[in-house]
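Asks: Dropping a structure here in structure tokens format, bear with me for questions.
The values are calculated or read from the model by the stated rules, or taken from the named source; none is laboratory data. Since we're looking at a predicted model, the values are computed, not measured. Every residue, glycine among them, receives a Cβ derived from its backbone with ideal geometry; neighbour counts consider all protein chains shown.
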Amino acid sequence: GKLVVLTCGGGNGAHCLAGLASVRPDIESRVLTMYADEAERWAANLDSGFIITVHNDDGSIKSIKTKPSLVTKDPKKAVPGVDYIFIVVPAFAHAMYFEAIAPYIDDNTVIVGLPGQAGFEFECVNLLGDKAKRCTMVTFESLPWACRLVEFGKNVEILGFKDTLGASLLKGKECNLTKPIIETTQYILGEKPKVRHVQNYIAITLMAKSIVHPPIMYGKWSQWDGKPLSEKPLFYQGLDERQAELLSGVSDECVATAKAIEKKVPGLDMSDVIHVFDWYLNYYSDQITDKSNLMMAMRTNKAYDGLVHPMKEIEPGKYVPDFTYRYMAEDVPEGIVPMKGIAELAGVSTPYLDEVITWCQGKLNKEFLVGNKLTGKDLKDTRAPQKYGYNKLEDLFTGSFEVTPR
Ligand code: NAI
């Protein structure tokens, strides 16, 4: 029979995935979107399908006409019989979808975080309970496309494809799948990006791109005098030495954590964890004009042209920073806090992470860190391993899951 693929979500990325999957004649593409009235609005237009407008690198444009078989807000209709579930929403909405699919999910289902973001697997195992042992979790390090909705349910634009994209597997020991997972995922996504199998889920967690925004926010705004600005400052092109040092320091701590884990857990390969500067040189080599250091590489990365700090306009022409934007609201609890949690289990001290988290949690009115320990009262609002009862490093690598399945 057909491969049944379910997309969870109704935003930019969800439209792309549901649309690309349904172009394949041997895939049945369904959509589950539970937010507001998205399912009704999308389903109302479903008969006429929708358009993916692809902007190619050479400037040409291709229109793909596509039509998922089902769009619903009812997990009872969407989930039974599904082979692959892609969760394509910001991390704060993951839990809602894990809870929705849990009662209906079959054995041997693959659950994909597109992207996963730090702590995806911890949260999934926690909410799926025993069923997780009979499933496999896949985490992508980012979204495959730069994309945006032109008109909800009618037209989504792909502005660019990544060339390659890392993905890790965490396989339940009772999950019996015959089709190879990375290859099948590649088939669903299409030719681009090339999916690269990353060694394990902890390596991909330490490489999550949520590392980038909080240190820059802290470096930029911790000494701000509180006076509104007359324009929105550039986020990447305005990077200064202090912000680059903070980001580099946090990245060094993730690399040190990976090295410590490799020493303590025999046979585990953490070589996928590399410094963020090296990551930029690998991923954006054609787009960066000055590769002399991290600061210059980020300032001269064409992919970042014109991107500004998240700002609120408090009166016409007067802007203040928006600390509720996902750069903080998501990238701290579902980003650098889980990374800190892994470092803590590995016994690695993290002065940079601690300094950044301490400032960010103040802006978010939360307490995750007390001194340099993750014992704050709001740890429950994060996806740190400690929240789920992982208290020793070995807990991350033992139990009901294969950490390095092939
Ligand atoms: P999006 O901003 O389009 O997601 C919005 C969707 O999330 C909504 O349509 C709804 O389905 C769901 N949602 C929003 N608020 C909700 C709530 N309160 N409760 C439940 N569901 C809610 O997201 P997009 O652009 O598809 O991105 C998905 C992820 O990929 C994000 O984490 C984003 O940071 C990341 N990403 C996006 C890129 C892009 O070009 N769009 C590029 C790289 C990464």
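Asks: Any chance region 199-215 includes a residue that's at pLDDT 95 or above, out of contact with any Ser or Thr (no Cβ under 8 Å at 6 or more places or on another chain) and farther than 23 Å from Leu294 by Cα?
Replies: Yes, the conditions are met somewhere in region 199-215.
Asks: Still on this structure: Can His55 be described as within 16 Å of the ligand (Cβ to nearest atom) and modelled with pLDDT under 95?
Replies: For His55, the condition - within 16 Å of the ligand (Cβ to nearest atom) and modelled with pLDDT under 95 - is met.
Asks: Continuing with this model, one more query. Evaluate the following for Tyr97: is it among the hydroxyl-bearing types (Ser, Thr, Tyr), within 19 Å of the chain's Cα centre (by Cα) and more than 15 Å from the ligand (Cβ to nearest atom)?
Replies: No, not satisfied.
Asks: Right, another one. Of (1) under 17 Å from the mean Cα position of the chain (by Cα); (2) surrounded by fewer than 16 Cβ atoms within 10 Å (Cβ to Cβ); (3) of a type in the set (A, V, I, L, M), Ile87 satisfies all except one. Which?
Replies: Only one criterion in (1) under 17 Å from the mean Cα position of the chain (by Cα); (2) surrounded by fewer than 16 Cβ atoms within 10 Å (Cβ to Cβ); (3) of a type in the set (A, V, I, L, M) is unmet by Ile87, namely (2).
Asks: Condition first: in a loop (DSSP other than H, G, I, E, B) and more than 7 Å from the ligand (Cβ to nearest atom). Now tell me which residues in region 139-162 satisfy that.
Replies: Once the filter is applied, which keeps residues that are in a loop (DSSP other than H, G, I, E, B) and more than 7 Å from the ligand (Cβ to nearest atom), region 139-162 yields Glu141, Pro144, Phe152, Gly153, Lys154, Lys162.
Asks: Being assigned to a loop (DSSP other than H, G, I, E, B) and either surrounded by fewer than 14 Cβ atoms within 10 Å (Cβ to Cβ) or of a type in the set (Ser, Thr, Tyr) (or both) is the filter here; which residues of region 17-52 pass it?
Replies: Pro25, Asp26, Thr33, Tyr35, Ala36, Asp37
Asks: Which numbered condition in (1) in a helix (DSSP H, G or I); (2) in contact with a Leu (Cβ under 8 Å, 6 or more places away or on another chain); (3) crowded, with 23+ Cβ neighbours inside 10 Å is the only one that Ala132 fails?
Replies: Result: Ala132 fails condition (2) only.
Asks: Kindly check whether there is at least one residue in region 52-75 that is out of contact with any Leu (no Cβ under 6 Å at 6 or more places or on another chain) and either under 24 Å from Ser210 (Cβ atoms) or among the aromatic types (Phe, Trp, Tyr) (or both).
Replies: Among the residues of region 52-75, not one is out of contact with any Leu (no Cβ under 6 Å at 6 or more places or on another chain) and either under 24 Å from Ser210 (Cβ atoms) or among the aromatic types (Phe, Trp, Tyr) (or both), which makes the answer no.
Asks: Follow-up. Filtering region 163-181 down to residues that are buried (at least 17 other Cβ atoms within 10 Å of the Cβ) and outside any strand (DSSP E or B), which residue is nearest to the ligand (Cβ to nearest atom)?
Replies: Result: Ile181.
Asks: In region 69-92, how many residues are out of contact with any Asp or Glu (no Cβ under 9 Å at 6 or more places or on another chain), within 16 Å of the ligand (Cβ to nearest atom) and closer than 15 Å to Leu17 by Cβ?
Replies: 6
Asks: Still on this model: Cβ contacts < 8 Å: first residue among the acidic types (Asp, Glu), restricted to region 91-120; second residue part of a loop (DSSP other than H, G, I, E, B), any location; separation 6+ or different chain. Result?
Replies: Going by the 8 Å Cβ cut-off, the qualifying pairs are Asp106/Pro80; Asp106/Gly81; Asp106/Val82; Asp107/Cys135; Asp107/Glu174; Asp107/Cys175; Asp107/Asn176.
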